[in-house]
Amino acid sequence: MNSKHALLYLFTIFLTLPCACSSTEINGSTPKYARQLCTEALQPTQEKIEEATSKQQWQQLPPLFQQLQRSAKDMWKNCVPKNSLNNIHSFRAQAKVFFQICQQALQTANQQKWDKIPPLIKKIKQRCSLCHDEFKFP
Ligand code: HEC
């Protein structure tokens with residue numbers, strides 16, 4: 001093979017290696033699927049947050065945002081989108097931003113700045129949709 005082909009060959013290995021590794025192990029353990037975390041943790045917590053907010057039961061919010069923030073961290077650190085493993089870096093980036101917004105919401109709730117909560121919930125829901133749009137869930 002000539003040097004151009006050799007370079008291309010090396011480049012391909014370079015590109016596929018990290019994907020192959022992260023598809024089997026993340027932080028030394030088998031990854032969970034995003035869908036499971038979403039249906040079992042994110043969705044129910046999100047619903048409770050919206051209910052408490054609409055009833056203005058503000059004191060319920062800090063522990064709920066604590067839960068949401070923990071699940072978001074789990075999503076970022078431990079989850080993979082089924083069938084989209086070649087997109088894992090983009091997924092991680094999305095999950096990280098999602099986590100950061102959840103953390104901001106938790107801090108805001110802990111500081112009892114209730115008027116700032118509804119816009120943050122809107123932002124959180126936008127991040128749910130953005131990730132679903134990219135990873136094929138309407
Ligand atoms: C970083 C990416 C990401 C974020 C952020 C995210 N999700 Fe998901 N979610 C997924 C993926 C991936 C799936 C599975 C998609 C598929 O299988 O087509 C999923 C699936 C779901 C499902 C299951 C749908 C079904 O029909 O089985 C629900 C419900 C859900 N998400 C709710 C939420 C909610 C609510 C939020 C925000 C509070 C959220 N998700 C944030 C990636 C994400």
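Read-outs throughout are calculated quantities, based only on the coordinates presented, and are distinct from any laboratory measurement. None of the values given here were measured: they were computed from a predicted structure. Glycine gets a Cβ as well: all are built from the backbone with ideal geometry, and neighbour counts include every protein chain shown.
Summary of values
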| item | result |
| --- | --- |
| Segment 66-135 pair-distance distribution - Cα-Cα, 5 Å bins, rounded % | 4, 17, 27, 23, 14, 9, 5, 2, 0 |
| Approximate spin-label separation Arg35-Lys96, in nm, with each point projected 7 Å along Cα-to-Cβ | 2.7 |
| Selected from Leu64, His89, Leu37, residue furthest toward positive end of dipole (segment 32-134; charges at beta carbon) | His89 |
| Using θ = phi - 60° and Karplus 6.51 cos²θ - 1.76 cosθ + 1.60, couplings along segment 123-133 (whole Hz; Gly, Pro as x) | 4, 4, 5, 5, 5, 4, 5, 4, 5, 5, 4 |
| HN-Hα J in Hz across segment 109-122 - Karplus 6.51, -1.76, 1.60, θ = phi - 60°, x for Gly and Pro | 5, 5, 7, 6, 8, 4, 5, 8, 6, x, x, 6, 4, 4 |
| Given Lys73/Lys123; Lys96/Lys125; Lys55/Lys116; Lys113/Lys136; Lys77/Lys123, the pairs whose alpha carbons are separated by over 23 Å | Lys113/Lys136 |
| Hz values of 3J(HN,Hα) by residue in segment 37-51 - Karplus curve (6.51, -1.76, 1.60), Gly and Pro given as x | 4, 4, 6, 8, 10, 5, 4, x, 5, 4, 5, 5, 5, 5, 5 |
